[in-house]
Amino acid sequence: AQRVTQPEKLLSVFKGAPVELKCNYSYSGSPELFWYVQYSRQRLQLLLRHISRESIKGFTADLNKGETSFHLKKPFAQEEDSAMYYCALSPLNTGFQKLVFGTGTRLLVSP
Amino acid sequence: DAMVIQNPRYQVTQFGKPVTLSCSQTLNHNVMYWYQQKSSQAPKLLFHYYDKDFNNEADTPDNFQSRRPNTSFCFLDIRSPGLGDAAMYLCATSIIGSGANVLTFGAGSRLTVL
């Protein structure tokens with residue numbers, strides 16, 4: 001069965017502190033992994049995907065197939081990073097984005 | 001510059017009274033999706049359309065139906081809403097074949113069932 005687990009409902013850090021939002025997944029094939037973000041009063045939007053291997057807004061995420069993890073990291077958190085973050089997976093190479101989402105982690109960055 | 005528009009943003013209905021939520025897009029994307037997100041839960045895929053081809057998820061209740069009359073519009077019909085159907089309903093689109101295969105979401109429609 002496909003499953004995405006985000007163990008932390010809330011992560012609270014101070015500005016400038018490192019951030020790691022955890023994501024573990026369960027999938028029998030080769031998935032594509034994503035992080036989506038929802039800022040206050042805004043719609044859900046893509047932050048990054050493992051295929052792109054990009055750094056977006058200072059965030060990076062590395063797919064670890066051995067640990068079935070896709071943790072999101074940022075070395076120095078900013079107040080504007082406060083948002084709801086969802087990890088998600090989709091079967092690779094189907095073309096369809098039939099995403100399986102985790103329950104999300106709310107990141108709160110305090111000044 | 002909203003590209004996926006959902007209406008209404010807030011819908012209140014009575015138990016058992018049918019409701020329709022709409023989604024329109026200006027992106028000319030060939031795939032449209034409906035997700036259900038209950039409070040503090042993960043968004044859950046209900047079904048998707050690839051052009052006019054409807055694809056239902058195995059565990060989507062029969063109470064939920066969808067229509068896609070053209071590329072731009074997709075509707076979610078809840079035939080007899082129950083209290084357990086109160087949720088945020090998210091419409092999303094994607095395009096197959098462009099290489100940029102990611103979801104673009106609407107702002108959502110929040111359904112309350114009295």
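What to note about this one:
- Straight-line cross-link reach from residue A:74 at under 25 Å between alpha-carbon atoms covers these lysines, not counting any fewer than eight positions away in the same chain: A:9, A:15, A:22, A:57, A:65.
- Debye-formula intensities of chain B, expressed as log10 I(q)/I(0) at q = 0.11, 0.16, 0.20, 0.22 Å⁻¹, are -0.32, -0.68, -1.05, -1.26 (one equal scatterer per alpha-carbon, no solvent).
- Shape category assigned to chain A from the gyration tensor of Cα positions, a/c cut at 1.5: prolate
- Cut-off 10 Å between beta-carbons: net charge of the residues surrounding residue A:24, Lys and Arg +1, Asp and Glu -1: +1
- Each principal axis of the protein assembly as shown carries a Cα extent, and these read 49, 38, 36 Å when sorted largest first.
- Comparing Cα centroids, the stretch A:34-100 and the stretch B:1-74 end up 23 angstrom apart.
- With a simple spin-label model that places each label point 7 Å from the Cα along the Cα-to-Cβ direction, the separation between residue A:52 and residue B:53 comes to 2.7 nm.
- Charges were assigned to the Cβ only: +1 to each Lys and Arg, -1 to each Asp and Glu. The resulting dipole of the protein assembly as shown about its Cα centre is roughly 300 debye.
Read-outs: derived from the displayed coordinates by stated rules, not from any lab. Treat the numbers as computed from the prediction; the structure is a model and nothing was measured. Counting neighbours? That spans all protein chains shown, and the Cβs are built from the backbone with ideal geometry, glycine included.
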